[in-house]
Structure formats: C-alpha cells, structure tokens
1. Would you please state which residues of the stretch 133-166 a label at Ile328 would reach in this model, taking the label point 7 Å out along Cα→Cβ and a backbone N cut-off of under 20 Å?
2. Of the beta bridges DSSP finds with both residues in the stretch 103-335, what % are antiparallel, to the nearest 5?
3. Using R₀ = 45 Å, calculate the FRET efficiency as 1/(1 + (r/R₀)^6) where r is the Cβ-Cβ separation of Asp178 and Asn222; round to 0.05.
4. For the pair Glu262 and Glu234, what calculated FRET efficiency results from E = 1/(1 + (r/R0)^6), where r is the Cβ-Cβ distance and R0 = 35 Å, to the nearest 0.05?
5. What is the extension gain from Leu277 to Ile300, computed as 0.36 nm multiplied by their sequence separation minus the C-alpha to C-alpha distance, in nm to one decimal?
6. At a 10 Å Cβ-Cβ cut-off, how would you order Phe145, Phe319, Phe110, fewest neighbours first?
7. Quick one: of Lys133/Lys206; Lys123/Lys206; Lys123/Lys266; Lys123/Lys173, which pairs are farther than 24 Å apart, Cα to Cα?
8. Counting only C-alpha contacts under 8 Å and six or more residues apart, can you give the relative contact order of the stretch 103-335 as a whole percent?
Amino acid sequence: MTLRSYCRPFCCLIAMVLLMPAASARAEDAPPAAISDSAKAEASKAEVSKPEVSKPAAPAAERSAQAAPTDAATPSASATPPSNQAQPKSLTDKAIERVTRAARVAGGIFSRVPCLPPKGVTKSFALPHFVHKLAAGEPVVIVAFGSSSTQGYGTSSPEFTYPNRLAAQLHRKYPTADITVINRGRGGEEAAQMMKRLQSEVTDMKPDLVIWQVGTNAVLRNVDPDSVAQLVQEGVARIQAAGADVVLVDLQYSPRVTEHPEGASKMVRLIHRVAQLRHIGVFPRFEVMRQWHENQALPIDSFVIADGLHMNDWGYACFAQILGDDIIRSVGQIKFGVSVNVPASVPVNRPM
C-alpha cells in the first residue's frame, strides 16, 4: 500500500472536521428558509386561537380591596400598573370626567359675561298647581316641551341645555324639594308635529308644569302663524285639562329669525295672545335676547352659534337663569313651614 493511498481516508476525515464549523456558521447567517403560504396561515391561526390563561378569581374581600381607592402615598408595586401600559377608562370614569368638566365650565360661565335681568321684562307667572304641590312638599314634575332649542342643539354638553340648567337652579333654591325636569325637546318640529306627541310625551308624564317653547320653526318655514296659534291654543287646553300649569316660550332673537321680521313679529304677538286667552304665563325670549344685543351691547355671536339660529352655552344658561328667576318669583318664598303667595288652605308638610 502506498503512502498516498494510506493517507487518503485520514485526509478526507480531517478535511470534513475542519469544514464543519464554517458550514455551521454559514447556515446561521443564511436567511431562514421560505415558509409556504399554508404554513404561514396555520401559524397565524394557531396564534390567534391560542386561549388566554385566566387567573383564578380572587375572594370577594380581596376583590373589594383591589377595587377600592387607596389613600396611601406610595401604592405597592403589585398594585401599580406598568407605566408603559395605558389603562382603559371605564364608562363611569368617563361620565364623571364629563360632568366634572361641565361643572367647572358652568361655574365660571357668568364670570366672563354676567347674566343681567332685562329691564321691564321680568314677571311672575300664574302657577297655582305647581305652587300647591311644591308648598305641600309633594314631588313635582316639570316637562320642557319644544324643538331644538329645548333639546339643546348648540350646547357643548348636556349639562348646558336649558332644562338641565333650570333643574340645577331650582334644586339650589329648594334643596329639600323633589323636583324632576324632563326634557321633551325634538329638533326641527313645528306645532303640528308636537301635537302628535303631546299625550305620550307630555300629559302621560303627569306634569305639574309644562314649559312649551314653540313658533320658531314655523317662522323659518313660512307656516301660517294663525294656524300655529290655533294649534298651540288647543294644546294648552289639553295640558290644562290634565291638571298642569303652562308657560309658553316664544321665538329666539337670532339672525335666521330676524330675516323674517313680519312673520316673527306676528308669531310673537299670537303666542302672547294665546297666553292671555288661556290665562297662562309666557316667557318673552325674543325680547330678552334682543335686549342682550341692543341694550347690553352683546355681539350676536356671544350668545348665538355660527348657524345664526341656536344659542351657545352662555345663551342657554342665561335664558334658563332668567326663566328660573321668574318661576321662583311666582312660587314666592317657601321655607320654615311658612308659604308666601300661596293660599292659606295649602298645607305645608316640610320646610324648603
């Protein structure tokens, strides 16, 4: 056997040993082999359908301790969520934030522009049923009936609708009284549409007072004012027959309305005429807003939004404030078991 033939197997073995690390290195550096589409789909499916591992429920006492807020200055590390994980807010937390934010704005809404009572416009209403119930310490229900300015179009928050602002004012004035204000405003409606839901959304609520805002949409659409006044008179009669007091609210003073001077003027006169015929109160919103602009020199856009029709937060708030003052003036002072401007036969069960 020659030396060459003798070394050949050993040389081959040595060469294989020397080459193995290089081949291994080349395999690690190489890109991964292509995965078939079917394999990708299976892998994705497995990842999506992989069940989450549920932790066993904590005992009731432990759950309460975890849910309750802590007064400790430095909570334990296990109770503190990782800083890089955003914790979703519950619906309750979001609602509380909205109410808190609205309350802050509401608290300062008149600090910038005061809500001044208009000259020669404030008055009291005849509210015998409402006053009787309030003086007796019984629950009272107010229904705000109307279209978009009752619904609250143009406000930045439901807290600024005039029914909500009115409710807050009455609760402050009569903190122990059970007063409920129901908003039955529906945008775009005229008297004819409102009459169709008068029973289901107003009289069926068994109200003690109905505040009916009406007439603006009819002016904008050139509806005959006399036909509107006839419908309103019929509606007021039905509300009175159900045992409730009524206060009408006339048009808003805004550019879209004052573009129809004849129709607006006639509608205002007819609404006041209906109030006179039915012996009810009317809140002269048109005159109140006109005085904001002409007597108090407030620019239109300080109380009307860009659509030239609906009020903004300040407008609704001041409207509600003056209306509430008129209602309070009508009720008189009811406190310490003594009622003023209330018939002596009305029993008073508790102070307000």
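Read-outs: derived from the displayed coordinates by stated rules, not from any lab. Just so you know, these numbers come straight off a predicted model, no measurement behind them. Cβ placement follows ideal geometry from the backbone for every residue including glycine, while neighbour counts extend to all protein chains displayed.
1. Only 133-138, 140-144, 159-166 pass the distance filter.
2. Roughly 5 percent of the DSSP beta bridges within the stretch 103-335 come out antiparallel.
3. My answer for the efficiency is 0.55.
4. Efficiency computed from Cβ-Cβ geometry: 0.90.
5. Working: separation 23, 0.36 × 23 = 8.28 nm, distance 3.32 nm.
Difference between extended and current length: 5.0 nm.
6. Final ranking by Cβ density, sparse to dense: Phe110, Phe319, Phe145.
7. Distance filter (> 24 Å) returns Lys123/Lys206.
8. In percent, rounded to a whole number, it is 27.
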